Each structure stands twice: as structure tokens, then as C-alpha cells.
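As C-alpha cells, the structure follows; a few thoughts come after it.
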Amino acid sequence: MKFTEEHEWLRVEEDGVVVGITEHATTQLGDIVFVELPEVGTTVTKDEEIVVIESVKAASDIMAPIDGVIVEVNEALAEDPAMANEDPLGNGWFFKIEASDPSQMDEYMTEAAYLKLIA
Amino acid sequence: MSDLLETPLHDFHVELGAKMVPFAGYAMPVQYPLGVMQEHLHTRAKAGLFDVSHMGQVIVKGADYGAAAAALETLIPVNIAGLGEGRQRYGFFTNERGGIKDDLMLANRGDHVFVVVNAACKVADIAHMKTLDVEVTEVTDRALLALQGPAAEAVLAAMDPRAADMKFLDVTDLTLNGVTCWVSRSGYTGEDGYEISVPAAEAVELAQALLAHEDVEPIGLGARDSLRLEAGLCLYGQDMDDGLNPVEASLAWAIQKVRRTGGARAGGFPGADVILPALENGVDRRRVGLRPEGRAPMRQGVPLFKDETGGEQIGFITSGAYGPSVSAPVAIGIIADGLHEIGTQVYGELRGKRLPVTVAELPFVPAKFKR
């Protein structure tokens, strides 16, 4: 698993990279009440804002961590946004992206480096 | 946050694990470890304890209650003289243009008027009242706590049984935890509850005693905001301000007949030449409740349109959030007169998209006041 400074996590699976946000991020955001996900098939560019999250406190965005095409989104999360608080690294995932340049993953942190960042 | 003021409960909040934020010049708890959503739901289900000591507590004294009331009526367009002893009432200061300078609660405490004003406006409010020929004293040695929710009566009555005899908007002295407190049966959540003015030195012990009850949790400003929004209660500076008159702010109900045209003490307050005709003839825009369709909250500043595309802006959202008890987004906004009827569908523009919003009845949750 890789981590970004924007508190996203990326997990490489056979058919794409699964992206979510870390427990640290969900704790900071507070109770998440709304998630707007991109449409499957959308071509996205690294650092493009593609997800809107609203917590009880404020609205924030999630950016595409890499270039690629959205191949799957977590519809269950849109129905029950609290899943992002309850299980951020599991059922609370956001979208799956087919990377057009997997080497973009290289710049991201290991879990150990990320934990150091938020410590 | 060193230049921020602190309430007498500051260290107590920190001990409880509160996240402290700057608010109206004070370091205030925005949430406790329970979190905004659970704090909100707990208050509606049981009881929540709020520190609202940042608000201004002011004693206004004249030769007698009537003299103080008469003086205040020159600044406030409500019936203060006719307020019974031991009763409280909502009101506001108006300006020369008919706008609202601040909103407040007024109580007849026998020989004086007890006024509670917003923290952000209190310096200006006190200076404003000091222009009157009465004695205006800010109470700086007392904290203000609010205990809100369906369990509030039982919790407070266990300390002083007279709490149960109070009706909504009654004010009286109660002995709580051995201390004489000035108590009103009112609040800012839409729930039954009390506001308790307690000597600063005794405030932490009283808060501890209240929190010792299993039904009571400490509640921060985050949940206070979502609770008041669901209850349809205005936040000064957001849902109304010095550019909006009371009729536009849908607060005409707070101006009793006696202060309106034809009443025994009609007018005589700043902006009466704007407000009195507005009461008779109507206004061009009004504050309303709004229910956005779907799940996306529409927050302060979201523009409103009549149609899905094109057309001029016809209003804007002044407060909006996800309503934890409603389980949907709720909002308050200002909308053009004519589109303010309940059930009217308009559109809010969110992130470049116009999404349906329906004008809705306030409050969004039924008021639970003990009348």
C-alpha cells in the first residue's frame, strides 16, 4: 500500500489501483455525510479534483493521485458515507483507477513513511 | 490562541478532550471526543451540556422594572414593558435602516431586565444600551451553561425540584449544587431545556455535577449549530444581519401588536419608519427553510435560482448543513418574495450544477418546548 501527502491510500490490485482516504483523514474530517464519486469510464489526470466529500464540518475534495481511467466506484459508500469513517482502509474505499503510467506510484510513501508524517 | 479569551470552564473542556477553536474572540469547544454527529443525536435523545459563557449577560436597571423596560423599548421593537415577572422573551436591537443589530433574550427578573446577547456583538450591544438613561451592568463574574434535551428536566429537578415547575420561557432562581443560579427554561436547540447563569467560581463544579448524570454529555459548538439549524433558529451574522429587517428575516412574530402601527406603544425604536410599513405592506425577500434534494449539503453562500438553467439569482443560502436528526441536508436562506411559499421548488448551484431545493416549513424537527 502507498500513501500520499493528501492522506489518500493506494492499493494495487490486478485490474486497477484502489484509492481511499486514511483513518487520520477521516478523523480530521469528522463524520462524513456525503460523497460524490466520479463516473465509471472517466479519464482523470493526476491532481484533478474528482471526489467531493462533505463532513458535518465542511466540504473537501479528493484528487486523482495518478493519471488513468476510473474503472469502478464504491456505490455503497455513496449510499452510506459513514463507511469511510468506520472502515477507511476497507469498505470505505472510493474508486478504482486503471493507471496509464504506473510509475507515478513511485513517488508516494510507504506506510511507515506516512505514519511518520502524521505523527 | 494566547490572545483569546477563556470562559471559566476552559480548562475543564480541555480535560474532557475538547477540540478548542477561536469563536467570537473566545477559545471554545467545537466538539468533544464523542464527535459532532453523536453529540447532536445525544442532545435530541437525552441531554447535552453546553458552555455558552462567551455570551453577554447584562443587567439593565432603572427606577423600577417598568423604567428599565421603557428605556429598552426605545432600542428594541418588542413588548418589554408587558413582560410578566419571571418571564423571558426573544427580541433584537434594530438600526436606523430597520436592520437587525443583534438578537437577544430578555427576562423580567423583578427589579431589572436581564439581557443575554451574542458574544460577537456584546461590546457593541452594551455600548448601545449605555446610551440609555438606565444602569447597564455587564455580568462578568458568572458563567452561562445550557442543559438541553428531553432528559434536562429530570436531571435539573433532581438538584432542585422547582425546575420541573417551570414552563417554557419561565425564569427563576434555583439552588443547583448548593449555589443560587439564575435559570430560564429556554435554549437554542429546539429541545426542552434550561439556561443556567452560575457564579464563575462554582461553574466547573456544577458542570461536573450535571455531567455525573448518565444521561448528560458535553456538547460543542459544532452540534450547537446543527441543532439550532434543524430547529429553524437564526444565527446572527449569518441568517440575519444589519442589512436585513425583521420582516425580511421572518421574525415579525417577535414584534407584538402593541409595538406595531395602531398599538399603544407603536414605533419609537430605530428603523420604525422602515419596519412598521414592512409589517403592513410586505417585503421583497424573506428568510425561509430549505430542503436540498439528495444528500449533498448546501452551505452558506450557495446561490439560488428559479430555473434549472439561466435566469437571475433569486436568493442564497445563509446556513446549511447535514441535519443529523433529519438524516438529510437542511438549510436556511433568503429568497425573493413570491418564491417563499412552502413547497416552492427552486435550484441551488453547487459546484457548477443546479440541484433542486424545496422551500420547507421551519422548524425541520418538531419543537419540544414545555409550554
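See the values below:
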quantity	calculated
Cα-based reach from B:K167 at 17 Å (exclusive), listing aspartates and glutamates while leaving out same-chain residues under 8 positions away	B:E85, B:E153, B:E191, B:D192, B:E195
Assigned charges on the beta-carbon of Lys, Arg, Asp, Glu; the protein assembly as shown dipole about Cα centre (debye)	2340 debye
Karplus-derived HN-Hα couplings along segment B:199-213 (A = 6.51, B = -1.76, C = 1.60, θ = phi - 60°), whole Hz, x at Gly and Pro	x, 3, 5, 9, 5, 5, 4, 5, 4, 4, 5, 5, 6, 5, 6
Cross-link pairs A:K57/B:K19; A:K2/A:K96; A:K2/B:K353; B:K61/B:K122; A:K2/A:K46 - those with Cα-Cα distance over 22 Å	A:K2/B:K353
Charge dipole (debye, nearest 20) of chain B; +1 at Cβ of Lys and Arg, -1 at Cβ of Asp and Glu	900 debye
Restricting segment B:157-218 to trypsin sites (Lys or Arg not before Pro) in coil, as DSSP defines it, with at most 15 other Cβ within 10 Å	B:K167
Within segment B:36-117, trypsin sites (Lys or Arg not before Pro) in DSSP loop having at most 16 other beta-carbon neighbours inside 10 Å	B:R97
With at most 16 other Cβ atoms within 10 Å, longest stretch of chain A clear of loop GluC sites (Glu not before Pro) (DSSP)	A:49-119
Charge-dipole axis of chain B as Lys and Arg at +1 and Asp and Glu at -1 on Cβ define it, positive-most pick from B:V326, B:L4, B:L211	B:V326
Aspartates and glutamates with Cα under 20 Å of B:K130, excluding same-chain neighbours fewer than 8 positions away	B:D64, B:E73, B:E96, B:D102, B:D103, B:D111, B:E138, B:D141, B:D242
Qualifying lysines (Cα of each under 22 Å from Cα of B:K257; at least 8 residues distant if same chain)	B:K101
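None of the figures in this text is laboratory data; all of them are computed from the coordinates on show. Just so it is clear, the structure is predicted and the values come from calculations on it, not from any experiment. All Cβ positions, even for glycine, are placed from backbone atoms using ideal geometry, and neighbour counts span all protein chains on display.
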